[in-house]
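Take a look at the structure set out below.
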Amino acid sequence: MEEAILGINGLGRIGKLTLWHHIGRKHFSKIVINTGRKVGNSLKDLAFYIEHDSTYGRLHNYLYGYKHKSVIEKIDESNSTLIIDGIPVKVLTDSRNPKDIGWEREGVKLVVDTTGKFLDPTMPSDAKEGSVRGHLDSGAYKVLVSAPFKIKDKTKEIPEDSITVIMGINEESYDSKKHLIVSGASCTTTCLAHMIKPLLHYFGAERILSISMATVHAITASQQVLDRVPKTDAKDLRKIRSAMNNIILTSTGAAKTLALVLPEMKNIGFIAQSVRVPIITGSLIILVVAFRDEEGNIITGDLINRIYIEASEREKRGYLLFTDDQKVSTDIVGFFGPAAIIEGSETHTRTAMVTLDISKMCSIGAPAVDKLQIPITQAVIYGWYDNELGSYTNMLGDLTVKVAEDLY
């Protein structure tokens, strides 16, 4: 049987935690990391970075509990290799441009690009600044990117060989013979999709008037520790303010990306907003949904919760979790598995009767009735997600294994 080798491009937050995930999972027999530059003074410095994490603790404790000792051994400076919990890992440092990495030499067919730099699948592989397609020229058969696609030329569409996939939402849309570049969307879109899909399944898109969401999101590496001077032509001055002691309003592309995995959303009014707060990880989506029901049925919080309970029971892989516990954000840090954890005790609904003046709406003839009353219900639903390891990296790991199944 052919050896299954995984390539990881970039070793930032998602890159490092993707390595942790697959070291623990043992699906791949070897992992090749490309950092694109020399790291520290020696390979030992990189090994120290891999082993220690300010959010999740030490790798060996994550894998086996607090009594366990280090699982990194046989650090070979001359060959840039090390063994992590029995898995051979090789580190490449020469090239940042994907086309020059040399995945074919390493036997890598599948690459997870976690740099956040190469997100435009329409860019040619030989683009000066680099392109996600460069990985294919470098020998990879498939590429996953750990962020939503961002197409610079707004006149272009996503190519036919590229697709956005969220496990448990639209994985059946992935065609192994057709798709070469796969986006795993974002942590927020992943949680949001699992919160909205059960509602679409139960009510249908035609009964949903509008949806709005706000993610109360932990800080990310793109923010500043201290205030700094704006870059040339900076448009958002909030991004240069200290992330450690500010609540910062920002944007999210979740609305646009969501329609790629749940096409029904194209017909529903949707607003998505984001607020960054000074915690290291653990995020929350506050979802507000407006329903209509011409049959006069009242939508209650108990009904909404029942929908999520039944959806979580149908989802055998644990991607959706319903709980009555009263959680705070640290409770979900490292909570392995769910894309979304519904806080059922905080689900609320309010219904109002909206009166329609039929006489003003009819241009021909007199209507049978002058006025019609329709109940409109607004529901507020809370969904937790560990935006780094427990939720997003786990979901990306499942997607990686799915894509790998047809390669090895």
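The values are calculated or read from the model by the stated rules, or taken from the named source; none is laboratory data. All of these numbers come straight from a predicted model, not from anything done at the bench. When we count neighbours, we look across all protein chains shown, and the Cβ atoms used for this are built from the backbone with ideal geometry, even at glycine.
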Quick test for you: out of ALA243, ALA272, ALA214, ALA234, pick the one residue that is among the aliphatic types (A, V, I, L, M) and touching a helix residue (DSSP H, G or I) at 6+ places or on another chain (Cβ under 6 Å). ALA272
Looking only at the range 132-155, count how many residues are under 24 Å from THR220 (Cβ atoms), crowded, with 24+ Cβ neighbours inside 10 Å and of a type in the set (Gly, Ala, Ser). 1
Of the residues in the range 1-41, those that are more than 20 Å from SER222 (Cα to Cα), crowded, with 19+ Cβ neighbours inside 10 Å and not aliphatic (A, V, I, L, M) come to GLY7, TRP20, HIS21, HIS22, PHE28, ASN34
Could you check, for the range 261-283, whether at least one of its residues is in contact (Cβ under 8 Å) with a residue 24 or more places away in the chain and in contact with a Cys (Cβ under 9 Å, 6 or more places away or on another chain)? yes
Strands (runs of 3 or more DSSP E) contained entirely in the range 319-408, each with at least 1 residues that are at pLDDT 90 or above and within 23 Å of CYS187 (Cβ to Cβ): 320-323, 340-343, 371-385
Return yes or no: is ILE151 outside the structural domain of LEU19 (by TED's automatic domain parsing) and among the β-branched types (Val, Ile, Thr)? no
Can ASN305 be described as outside any loop (DSSP other than H, G, I, E, B) and among the polar types (S, T, N, Q)? yes
Of the numbered conditions (1) over 23 Å from LEU399 (Cβ atoms); (2) touching a residue at least 24 places away in the same chain (Cβ under 8 Å), LYS67 fails exactly one; give the number of that condition. (2)
Only one of these conditions is not met by ILE31: (1) within 12 Å of ILE84 (Cβ to Cβ); (2) without any contact (Cβ under 8 Å) to a residue 40 or more places away in the chain. Which number is it? (2)
Selected residue (only one of LYS109, LYS117 is buried (at least 17 other Cβ atoms within 10 Å of the Cβ), among the charged types (D, E, K, R) and closer than 16 Å to ILE14 by Cβ): LYS117
Please name all residue pairs, on different chains or six or more residues apart, with Cβ atoms under 6 Å, provided the first residue is in the range 188-208 and is under 14 Å from GLU310 (Cα atoms) and the second residue is part of a helix (DSSP H, G or I) and not β-branched (Val, Ile, Thr). PRO198/TYR308; PRO198/ALA311; LEU200/GLU264
Among the residues of the range 1-14, which ones are on the phi < 0 side of the Ramachandran plot and touching an Asp or Glu at 6+ places or on another chain (Cβ under 9 Å)? ILE5, GLY7, ILE8, ASN9, ARG13, ILE14
